[in-house]
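Below you'll find the structure, written out as structure tokens, and then a few comments.
Every read-out reported here was derived from the displayed coordinates using simple, explicitly stated rules and does not represent laboratory data. This one's a predicted model, so the numbers in the text were calculated from it and none came from an experiment. Every residue, glycine among them, receives a Cβ derived from its backbone with ideal geometry; neighbour counts consider all protein chains shown.
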Amino acid sequence: MKMSPQEFLDWPSKRITLLAMSGAGKTTLANKLPKVKWFHYSGDYRIGTKYLREPILDNIKRQAMKVPFLRDLLMSDSIYISNKITVDNLAPVSTFLGKLGNPEKGGLSLQEFKRRQNLHLQAEVAAMNDVPEFIYKAQDIYGYHHFINDAGGSVCELDNPEVLKTLAENTLIIYIKIPATLEQTIIDRAKSDPKPLYYREAFLDEKLAEFMSLNNTTSADLIPPDEFVTWVFPELFKSRIPRYQAIADEYGYTVDANDVAKVTNEDDFIKLITDALAKQS
């Protein structure tokens, strides 16, 4: 969706999709908007509570069944297992994705890892395709004036033009670009606390082969899980930058993460968007 600054200001029900790498400030920015006026749709929350809910619970139960005490209680229906996913706590989704590598160190086999990656891919596509429905529900049921889609960091990896068209037809796409001065900070943060991530299969195959060659590893089952995640993140970061920019160039607009960090309220947010539209019209 393309529009002029004045068209955006006159838009009675503003609908925005935020795109960025994890850590760029999407969720923090969305949380600064008045909750009584803006419906906050989290793609990752939708993935965890709707499309991966059963696989996530199955994964938790699988671990619980390894503990005899819990296994007996589960088998006799004496207890049940649930998870508590929130917009600010998506740990069950990350735990389900897991890390590739040595099973004895908590890693997943390549086959199982790819199975879970594919489930996440399908879930993210579905969650983004749900945006138009939630725009309608946010207004019709809950009475929200405006809508913000806090998209997952891997939306640029979907290779699904129809999803992008859906988002562009229904929302104004805003890409939060991380400036070069902050890139290393994001990378260092990821290295210090390596988290499970989604990778395009072609990217995974290429980088896994490169990692194994560099480390003289003959099998993915021998890889220390944290070591691969730590090594591959800078490669993933670099690969996503042109993908995000291509989406913004075709369908939306770009804002600087430093400017995003200065936003403190709704007025600041509106000005951030109108300034971007004016510069990139």
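Once you have a ≥ b ≥ c as the square roots of the Cα gyration tensor eigenvalues for the chain, tell me rounded if a/c is under 1.5, and otherwise prolate or oblate according to whether a/b is larger than b/c. The shape class here is oblate. For the chain, adding -39500 (n - 2.57) for each run of n ≥ 4 DSSP H residues and dividing by the number of residues yields -17000 deg cm²/dmol at 222 nm.
Output the peptides 146-156, 185-195, 266-276 sorted from most to least packed, where packing is the average of other Cβ atoms within 10 Å over each peptide's residues.
The peptides rank, most packed first, as 146-156, 266-276, 185-195.
Rounded to 0.05, the FRET efficiency of the N118 and N215 pair, given R0 = 22 Å and the Cβ-Cβ distance, is 0.30. Which shape class applies to segment 130-242: rounded if a/c is under 1.5, otherwise prolate when a/b exceeds b/c and oblate if not, where a ≥ b ≥ c are the square roots of the Cα gyration tensor eigenvalues? Prolate, since a/c reaches 1.5 and a/b exceeds b/c.
Under a 5 Å amide H cut-off, with hydrogens placed 1.01 Å from N, L19 pairs with I174, Y175, I176 among residues at least 5 apart or on other chains.
For the chain, modelled as a GNM whose springs connect Cα atoms under 10 angstrom apart, the maximal fluctuation among Q139, Q63, Q122 occurs at Q63. The antiparallel fraction among DSSP beta bridges confined to the chain stands at about 5%. Annotation for segment 197-248 versus segment 22-41: alpha-carbon center distance of 29 Å. Spin-label model, Q245 to N265: label points 7 Å out along the Cα-to-beta-carbon direction sit 3.6 nm apart.
With r defined as the distance between the Cβ atoms of Y142 and S109 and R0 fixed at 35 Å, what FRET efficiency is calculated, to the nearest 0.05?
Rounded to the nearest 0.05, the efficiency is 0.20.
Largest GNM mean-square fluctuation across N216, N170, N59, computed for the chain with C-alpha springs under 10 Å, falls on N216. Exceedance of the 28 Å cut-off in Cα-Cα distance is limited, within the set K114/K238; K35/K238; K2/K37, to K35/K238. Segment 118-190 and segment 61-100 have Cα centres spaced 27 Å apart.
For I60 and R189, the FRET efficiency from 1/(1 + (r/R0)^6), where r spans their Cβ atoms and R0 equals 35 Å, is about 0.85. In this simple spin-label approximation, K238 and E206 carry label points 7 Å from Cα along the Cα→Cβ vector, and these lie 1.1 nm apart.
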